[in-house]
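K.L.:
Here you go, one structure.
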Amino acid sequence: MTVVGIDKIGFYTPGMYVDMAELASARGEDPNKYLIGIGQSKQAVIPPTQDVVTMAANAAEQILTPALKAEIGMVLFGTESGIDNSKAAAVYLAHLLDLPQNTRAIELKQACYGATAGLQLAADYVRVHPQGKVLVIGADIARYGLRTAGEVTQGGGAIAMLVTADPTILALDDVSSYHTADVMDFWRPTYRTEALVDGKYSTNVYLNFFKTVWADYQQQTQRSIKDFAAFAFHLPFTKMGRKGLRQILPEATPEQQTTLTAAFEASQEDNRNVGNLYTGSLYLSLLSLLRHGQLIGNERIGFFSYGSGAEGEFFSGVLQPNFRDGFVEERLAQQLADRQRVSVAEYEQIYAAQLSNDGRDVQLAVGAEQATYYLAGRQHEQRQYRKQ
Ligand code: COA
């Protein structure tokens, strides 16, 4: 059977962050609650000039040459903070990236699970069409509201993945285990711009779903924890994945527990400094594991994807020997290092300056925007996208 999986990964987050120790002090909390209890150090601050479409374009541009663009036959855009209730963000994206018009472009929604749905659908497509190349996106802005319990778990950014045969980064195993149940742990009715969440309940559902799909995966494959060099988790905040890992660590030998814990530390590093990407979080965690971990290739990695509401999936893949060729390390490191810290007051101002929901014409100040793709405003109820 054709080997399929992730050939390239691009990541974009805007150039500003708020420090979590400062935010804790401003909210009257002990900084260690945010830094250790929740496990977040910095949170991306999203200017009004970036939305899921522009962030996805900025992530995708890092991995696509003109020749590759011409070969993309499908764009699957996972998001739960889309900009239109009808038209797919993928259509805007395909136009901005100048992709061929004989492309399918679709938006996928199931909370933070959308990019995993895209990845699995893309992999199945390439198994049938080995020449096919699919662009899979996970892009979101996580907004819970100022001074809410969820504020510390906000963030934003985009992951772009190219799914192909004979991939450079990760060959996906064709077995996976998934589980769906109608649960009200987190949702966002169409009239709201901020999510509703029962965070503690959501954590319990996440952990229970993980237990269920991990058991089912082991039964299907006859594999066990000893077959894995690392696990990557959906990380709305890094403590969540830590709790997930702790749930299965007793199944490993003491030596392997040490290795798996070290791999987890590597996998949470970038998420800790960016915050919640919703759909992209699991794949930022994979990137973080590859960037900061000790893996060398040919190891099996396990993935737990979770989207509230709720859908969970456990799947796996084998890291390819040349995986470092699938992302541009210097660019990722530079992007994160170049970010500017903003004060809590500035973050609050930027948070309030998001494009209004009243449909009126707006011209956005784009002076400080360093990104290639950005939102210049809205005219006649249409978002005005620009490339510089
Ligand atoms: N030092 C170290 N740890 C501390 C601390 C301190 N000074 N103060 C508190 N903590 C720990 C708590 O013990 C707790 O740890 P635990 O979860 O291991 O028990 C953790 O910090 C959080 O404290 P808690 O009082 O539970 O925080 P909270 O009531 O503010 O809620 C969330 C935290 C995560 C539930 C909340 O931010 C939230 O709802 N976020 C959204 C979650 C989400 O997105 N879910 C859906 C997507 S999957």
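The values are calculated or read from the model by the stated rules, or taken from the named source; none is laboratory data. Quantities reported herein were computed from a predicted structural model and do not represent experimental measurements. No Cβ is skipped: glycine too gets one built from the backbone with ideal geometry, and neighbour counts run over all protein chains shown. Only protein heavy atoms, including side chains, enter the accessible area calculation; ligands, DNA and RNA are left aside. Shrake-Rupley method; radii C 1.70, N 1.55, O 1.52, S 1.80 Å.
K.L.:
Report whether or not P31 is farther than 21 Å from Q384 by Cα and more than 16 Å from the ligand (Cβ to nearest atom).
P.N.:
no
K.L.:
On to the next question. Quick one: in the range 1-33, which of the residues that are hydroxyl-bearing (S, T, Y) and modelled with pLDDT of 95 or more is farthest from L286 (Cα to Cα)?
P.N.:
Checking each candidate, the answer is S25.
K.L.:
Still on this model: If the Cβ limit is 6 Å and pairs must be 6+ apart or interchain, which residue in the range 139-163 that is outside the structural domain of C112 (by TED's automatic domain parsing) and closer than 12 Å to L196 by Cα pairs with which residue that is more than 11 Å from the ligand (Cβ to nearest atom) and part of a helix (DSSP H, G or I)?
P.N.:
From residues that are outside the structural domain of C112 (by TED's automatic domain parsing) and closer than 12 Å to L196 by Cα, there are no pairs.
K.L.:
Would you check if S202 is touching a Pro at 6+ places or on another chain (Cβ under 9 Å) and open to solvent by less than 30 Å² (accessible area, probe 1.4 Å)?
P.N.:
yes
K.L.:
Hey, another quick one. Scanning the range 323-353 for residues that are part of a loop (DSSP other than H, G, I, E, B) and within 21 Å of the chain's Cα centre (by Cα), which turns out nearest to D51 (Cα to Cα)?
P.N.:
R339
K.L.:
Now a separate question. Looking at the structure I just gave you, is A115 modelled with pLDDT of 95 or more, in the same structural domain as E22 (by TED's automatic domain parsing) and under 17 Å from the mean Cα position of the chain (by Cα)?
P.N.:
When the stated conditions are applied, A115 passes them.
K.L.:
Now for a separate question. Looking only at residues in the range 183-199 that are among the β-branched types (V, I, T) and open to solvent by 70 Å² or more (accessible area, probe 1.4 Å), which one is nearest to the ligand (Cβ to nearest atom)?
P.N.:
T193
K.L.:
Residue by residue through the range 201-246, note down the ones that are within 16 Å of the ligand (Cβ to nearest atom) and among the basic types (K, R).
P.N.:
Across the range 201-246, the qualifying residues are K211, K239, R242, K243, R246.
K.L.:
Name the residues in the range 24-46 that are over 23 Å from the mean Cα position of the chain (by Cα) and among the hydrophobic types (A, V, I, L, M, F, W, C), would you?
P.N.:
A24, A26
K.L.:
Next up: Would you mention how many residues in the range 92-132 are open to solvent by less than 40 Å² (accessible area, probe 1.4 Å) and either under 24 Å from F314 (Cα atoms) or within 16 Å of the ligand (Cβ to nearest atom) (or both)?
P.N.:
14
K.L.:
Pick out, from the range 1-114, the helices (runs of 4 or more DSSP H) lying fully within it that include 2 or more residues that are over 18 Å from L162 (Cα atoms).
P.N.:
Counting at least 2 such residues, we get 20-26.
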